[in-house]
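Worksheet for the structure shown next.
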Ligand SMILES: Cc1cc2nc3c(=O)[nH]c(=O)nc-3n(C[C@H](O)[C@H](O)[C@H](O)COP(=O)(O)OP(=O)(O)OC[C@H]3O[C@@H](n4cnc5c(N)ncnc54)[C@H](O)[C@@H]3O)c2cc1C
Ligand code: FES
């Protein structure tokens, strides 16, 4: 049964992380109560008509006691620009939680979480859930530069180890995190991989996970419109071509790597 809420949520904090990235904290009785790691919300960024479509943002973390969720987002265009201007105490309308999240039925195991850029957004909630179930959690995060890593301290309490890579070499390994992945896997020996990031990165991780025969879940950043399975704007090709196309908004955004066919 799908449990879905349309809630008016008060902004209790809105923090700028760097020039383009923000963390918004929202008070939400229902969504905080039922959401799972890897799910997302559709955010109505304005009371007006422009933009008309809601914007999908992953649930970054949840505080059930305080009845709050946090969203980590980057200004990309009009919708996120409008969102960045919202102040504390204002009300934002959310639809959610949406989608199929990560499989967290894992205990006393070793999990490797891999994020690329904004792919870090859903991984904090996942890391918290896995740590709660006594898993050892290793985070591998790749971004363009040091500035995009300003939020990584949030992971310190729930991850045993953190490995960083930047394209400009300002922090950690210089290059893509996937270039360093075989070494990370051979050192940490994970029993499960979870990843979120751009499509070429997901494709590479799928190949590497297959080589090492590690079960792997991928959260795809497929563009979405309705977010509830109606518009067919988010289709993903299944690996088994005899099966119908998958919808990222309801069947995903998280898929088992072998379920989906990924284009660059
Ligand atoms: C399930 C899901 C979860 C997401 N979680 C987050 C999150 O936690 N934090 C976050 O910052 N963003 C997240 N995104 C992306 C976010 O939804 C878009 O950045 C946002 O909708 C852009 O809206 P906008 O009006 O600011 O920009 P628009 O004006 O709509 O677009 C600006 C530019 O960004 C491109 N763009 C829009 N959406 C995407 C996308 N999904 N992937 C790549 N390029 C895109 C457009 O083509 C355009 O070039 C998520 C997307 C999905 C589908
Ligand atoms: S976004 Fe409309 S069907 Fe997925």
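Out of 38, 79, report the one residue that is within 12 Å of ligand 1 (Cβ to nearest atom), farther than 30 Å from residue 105 by Cα and surrounded by 13 or more Cβ atoms within 10 Å (Cβ to Cβ).
Every option except 79 fails the conditions.
Starting from residues that are assigned to a strand (DSSP E or B) and more than 25 Å from residue 137 (Cβ to Cβ), keep the ones in segment 75-97 and report whichever is farthest from the chain's Cα centre (by Cα).
Checked segment 75-97; the qualifying residue farthest from the chain's Cα centre (by Cα) is 91.
Against the conditions (1) at negative phi; (2) touching a residue at least 24 places away in the same chain (Cβ under 8 Å); (3) not in a helix (DSSP H, G or I), where does residue 147 fall short? Just the number, please.
Among (1) at negative phi; (2) touching a residue at least 24 places away in the same chain (Cβ under 8 Å); (3) not in a helix (DSSP H, G or I), residue 147 violates only (3).
Among 182, 200, which is over 23 Å from residue 107 (Cα atoms), exposed (fewer than 15 other Cβ atoms within 10 Å of the Cβ) and more than 18 Å from the chain's Cα centre (by Cα)?
Result of the check over 182, 200: 182.
Under 7 Å by Cβ, and 6 or more places apart or on different chains, what pairs join a residue from segment 223-250 that is touching a residue at least 60 places away in the same chain (Cβ under 8 Å) with one that is away from ligand 2 (no atom under 13 Å from the Cβ)?
none
Here's the yes/no breakdown for (1) surrounded by 15 or more Cβ atoms within 10 Å (Cβ to Cβ); (2) part of a strand (DSSP E or B):
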| residue | (1), (2) |
| --- | --- |
| 187 | no, no |
| 195 | yes, yes |
| 205 | yes, no |
| 209 | yes, no |
| 214 | yes, no |
| 218 | yes, yes |
| 225 | yes, no |
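Looking at the structure I just gave you, is residue 154 assigned to a loop (DSSP other than H, G, I, E, B), crowded, with 19+ Cβ neighbours inside 10 Å and on the phi < 0 side of the Ramachandran plot?
no
Search segment 232-262 for residues being part of a loop (DSSP other than H, G, I, E, B) and within 13 Å of ligand 1 (Cβ to nearest atom), and hand back the single one that is nearest to residue 101 (Cα to Cα).
252
I'd like to check which strands (runs of 3 or more DSSP E) are fully inside segment 16-70 and have at least 2 residues that are over 22 Å from residue 223 (Cα atoms) and touching a strand residue (DSSP E or B) at 6+ places or on another chain (Cβ under 7 Å).
Fully inside segment 16-70 and qualifying: 21-27.
Quick test of your reading of the structure: residue 38 fulfils all but one of (1) out of contact with any helix residue (DSSP H, G or I) (no Cβ under 7 Å at 6 or more places or on another chain); (2) within 15 Å of residue 124 (Cβ to Cβ); (3) within 16 Å of ligand 2 (Cβ to nearest atom). Name the failing condition by number.
(1)
Touching a helix residue (DSSP H, G or I) at 6+ places or on another chain (Cβ under 6 Å) and away from ligand 1 (no atom under 13 Å from the Cβ): which single residue out of 214, 208 fits that description?
208
Values quoted throughout were computed directly from the atomic coordinates according to the rules given, and no laboratory measurement underlies them. Model, not experiment: these values are computed from the prediction. Note: ideal-geometry Cβ built from the backbone for every residue, glycine included; neighbour counts use all protein chains shown.
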